Structures are given as structure tokens and as C-alpha cells.
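What follows is a single structure, written as C-alpha cells, with notes after it.
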Amino acid sequence: MNNIRVSRNFLLREFECKDGSHQVAVKAELIEKLQRLRDLIGQPMIVTSGYRNQSHNAAVGGAAQSRHLTGEAADVRVAGMHPDEVAQLAAQVGFNGIGIYNRFTHVDIRPNPARWNG
């Protein structure tokens, strides 16, 4: 399901809600910037969290106004790279929202810049 290529290196299913419902919403700008980030890194990125519906967002402790709810955010991992390194490159490709966590980097397309450590 959702086995549709949305860019050179990403399939729609990678952005599905991780609750097993196969629900998905993703903004074109997010995909475009993720593809630019992937191109810059030169190796695969794993989307650990893309779209979240309300119940799944609550279950994982997501913010009430999370950008994951609107398809404007993704949490990503890159093998062999520290989340801080991914964050620096994400800033270069134009992500405004960047959160650095122990095992992943959060990126989003919010209108105003925000940086944080999780």
C-alpha cells in the first residue's frame, strides 16, 4: 500500500503513520527538502516518523500542535551519522524546524526558524 514514488529516493509509504493504519499526508515542500538533504548526504535516510494521526501522536507523546499531524515534519536517521551532523546539513537545505535527539533528527517546514535539543 502507498508504494508510490514521491521523489527519486522516497516512497509514499515511508511517511505513513506508524500505527499500522496506512494513513498518510505529506507536503510536497517536505519531500523536496528531504530529497535535497538525501542528495547532499549521498546515502539513504530512514524516515522513523512521518505523518501521525491524532491518536498515534498522543500515544507517542507528540506535541499537541505537532507538524507531523499535517505532513510537514519527518524524523530521520542516517547510518554512520550523528543527529547533530544531519541537523547541520538540514539547515543548509532550508529546513526551518530542526530538533536534535539521541537517535534521530527532526526536520520540518515551519515558516519561522526554530532549533532545539530533545
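Counting only residues that are farther than 16 Å from residue 81 by Cβ, open to solvent by 50 Å² or more (accessible area, probe 1.4 Å) and of a type outside the set (Lys, Arg), how many does region 101-118 have? Show your work before the answer.
At the first step, the residues of region 101-118 found to be farther than 16 Å from residue 81 by Cβ are 108-118.
Adding the requirement that they be open to solvent by 50 Å² or more (accessible area, probe 1.4 Å) leaves 110-113, 115-118.
Filter once more, keeping what is of a type outside the set (Lys, Arg): 111-113, 116-118.
Of the residues in region 101-118, 6 are farther than 16 Å from residue 81 by Cβ, open to solvent by 50 Å² or more (accessible area, probe 1.4 Å) and of a type outside the set (Lys, Arg).
Among the residues in region 76-85, are any loosely packed, with under 14 Cβ neighbours inside 10 Å, over 11 Å from the mean Cα position of the chain (by Cα) and within 19 Å of residue 117 (Cα to Cα)? Reasoning before the result, please.
Let us first name the residues in region 76-85 that are loosely packed, with under 14 Cβ neighbours inside 10 Å, namely 79-80, 82, 84.
Now drop any that are not over 11 Å from the mean Cα position of the chain (by Cα), which leaves 79-80, 82, 84.
Pick out the ones that are also within 19 Å of residue 117 (Cα to Cα) and you get 82, 84.
The answer is yes, given that some residue of region 76-85 is loosely packed, with under 14 Cβ neighbours inside 10 Å, over 11 Å from the mean Cα position of the chain (by Cα) and within 19 Å of residue 117 (Cα to Cα).
Can you spot a residue in region 58-68 that is open to solvent by less than 30 Å² (accessible area, probe 1.4 Å) and more than 14 Å from residue 106 (Cα to Cα)?
Quick first cut of region 58-68, residues open to solvent by less than 30 Å² (accessible area, probe 1.4 Å) only: 62, 66, 68.
This time we only want the ones that are more than 14 Å from residue 106 (Cα to Cα), so: none.
No, region 58-68 has no match at all.
Any residue that is touching a residue at least 12 places away in the same chain (Cβ under 8 Å), in contact with a Pro (Cβ under 9 Å, 6 or more places away or on another chain) and more than 13 Å from residue 104 (Cβ to Cβ) - is there at least one of those in region 36-51?
yes
For region 1-34, name all the residues that are open to solvent by less than 50 Å² (accessible area, probe 1.4 Å) and modelled with pLDDT under 95.
Within region 1-34, 2 is the sole residue that qualifies.
Quick one: what pairs do we get from region 14-27, first residue in a helix (DSSP H, G or I), second of a type in the set (Phe, Trp, Tyr), C-beta under 8 Å, 6+ apart or different chains?
Going by the 8 Å Cβ cut-off, the qualifying pairs are 15/51.
The values are calculated or read from the model by the stated rules, or taken from the named source; none is laboratory data. Owing to the predicted nature of the structure, the values given are computational and were not obtained by experimental measurement. Using ideal geometry, Cβ is built from the backbone for each residue, glycine included, and neighbour counts are taken over all protein chains shown. Keep in mind that these areas ignore ligands, DNA and RNA; they rest on the heavy atoms of the full protein, side chains included. Shrake-Rupley method; radii C 1.70, N 1.55, O 1.52, S 1.80 Å.
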